[in-house]
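Presented below is the structure to which this report refers.
The values are calculated or read from the model by the stated rules, or taken from the named source; none is laboratory data. This one's a predicted model, so the numbers in the text were calculated from it and none came from an experiment. Reconstructed Cβ throughout: ideal geometry from the backbone, glycine too, with neighbour counts over all protein chains shown. Accessible surface is based on the protein model in full, side chains and every heavy atom, while ligands, DNA and RNA are left aside. Shrake-Rupley method; radii C 1.70, N 1.55, O 1.52, S 1.80 Å.
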Amino acid sequence: MTHHILIDTDPGVDDAMAIFLALRSSEIELLGLTTVFGNSTVDATTRNALNLLHVAGRDDIPVARGAWRPLVLPLGETGEWVHGADAMGNIGWTDVLKPELRAVDAPAARFIVETVMARPGEITLVPIGPLTNLALALQLEPRIAQAVKAVVMMGGSAMAPGNVSPLAEANVHNDPHAASLVFGAGWPIVMAGLDVTESIPMDNDDFAALAASSDPLGRFIPRIVGHYQDFHRDWYKLPNGEIHTHDACAVLHLIDPTLFGGQDWSINVPLDGLAKGATLVDRRGSFYTTPKVHCLTTVDHARLIDVYRTRMGATARVRR
Ligand code: RIB
Ligand code: CA
């Protein structure tokens with residue numbers, strides 16, 4: 001089965017890892033990237049999206065520029081402190097590598113609507129940044145909730161602590177109003193949240209293997225990951241170059257859903273206060289009537305890392 005997907009993204013080091021994985025997976029046809037603020041401004045994330053596709057030799061894949069700010073809240077701090085000044089590990093991207101490359105004229109929300117409505121039941125949306133573009137697309141054309149095949153997102157958390165506040169994960173916290181609309185829309189959602197994305201660190205051993213990859217895209221990843229590793233060392237006290245492999249988890253779920261286990265729960269997102277941007281999950285099934293979301297809660301770590309490494313042209317991990 002081929003998944004025809006749009007990745008909605010704020011690249012971002014781990015976004016780049018997810019995009020390259022999608023490009024190297026025969027189960028996936030990447031129809032476009034839509035960009036959003038988050039790990040940097042939307043100017044920078046759009047530039048990075050164009051450049052990543054250019055590095056991959058895929059200038060044919062369209063990029064649609066999306067939201068520069070959340071639906072309701074003002075733009076908060078963007079994520080350069082995690083992902084580097086260019087949000088690409090300080091590789092030095094200040095411009096589009098091939099100047100004639102541009103985002104398409106349609107803004108991301110319209111691009112999403114047109115893509116989904118042109119192929120009802122076929123398109124999977126893979127948001128790996130704040131959910132603003134998906135919310136805007138729902139406002140533009142509510143019928144996409146029935147026309148989409150699935151939404152497979154990185155964001156939120158069912159049980160794990162937050163990563164930008166005690167309860168909240170960054171992508172949901174960056175635009176809680178948008179996340180609330182997306183969780184409430186009634187379309188089929190898989191949520192790859194911190195429960196699984198933080199439990200699968202890649203480390204120095206994996207990046208050494210990728211540096212020796214037979215695939216230039218595999219070899220590109222160690223070039224951008226250093227600043228992100230430094231952040232994880234300083235913030236999470238991870239000693240061996242470990243990173244949280246967040247965004248690739250959404251793509252990995254498409255490649256092989258048996259890598260994960262999960263449960264269907266209703267979710268509500270507080271819009272302000274101490275719990276702003278948390279994904280409150282009704283694990284008893286007693287409290288919320290909002291649509292159920294398939295929340296990933298377990299992951300086969302060893303197998304998943306090997307899928308990532310081998311897809312990117314590296315050797316499988318030596319079992320420890
Ligand atoms: O919380 C992790 C998420 O925040 C990832 O999508 C990462 O790229 C950042 O956007
Ligand atoms: Ca991201």
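Worth pointing out:
- Residue-by-residue Karplus 3J(HN,Hα) for the stretch 199-207, coefficients 6.51, -1.76, 1.60, Hz, glycine and proline x: 8, 10, x, 9, 9, 3, 4, 5, 6
- Annotation: for a label point projected 7 angstrom from Cα along Cα→Cβ of Thr310, residues of the stretch 18-41 with backbone N closer than 16 Å are 24-27.
- Full-stretch length increase - His54, Glu114 - with 0.36 nm per residue and alpha-carbon distance subtracted: 19.2 nm
- The label-point distance for Asp234 and Met159, in a model that sets each label 7 Å from Cα toward Cβ, rounds to 3.3 nm.
- In a fully extended conformation the segment linking Glu122 and Arg223 would gain 32.8 nm over its present Cα-Cα distance, using 0.36 nm per residue.
- Amide proton proximity set for Thr297, modelled H, under 5 Å, gap of 5+: Gly261, Gly262, Gln263
- Label-to-label distance, nm, for residues given as Ser286 and Glu27 (7 Å Cα→Cβ offset): 3.7 nm
- Rounded to the nearest 0.05, the FRET efficiency derived from the C-beta distance between Asp43 and Thr2 at R0 = 30 Å is 0.40.
- Value of relative contact order over the chain, rounded to a whole percent, pairs C-alpha under 8 Å and six or more apart: 19 percent
- Per residue accessible area of the chain, 1.4 Å probe, in Å²: 39 Å²
- Size of electric dipole in the chain: Cβ of Lys, Arg +1 and of Asp, Glu -1, about Cα centre, debye, nearest 20: 400 debye
- 19 Å cut-off, amide nitrogen to a point 7 angstrom out along Ala211 Cα→Cβ, residues in the stretch 60-89: 89
- Among Ile28, Thr46, Ala209 the positive-end extreme of the charge dipole of the stretch 3-311 (Cβ point charges): Ile28
- The stretch 3-311: C-alpha gyration tensor shape, a/c 1.5 cut-off, then a/b vs b/c: rounded
- Accessible carbon and sulfur surface of the stretch 3-311 relative to its total accessible area, %, 1.4 Å: 53 percent
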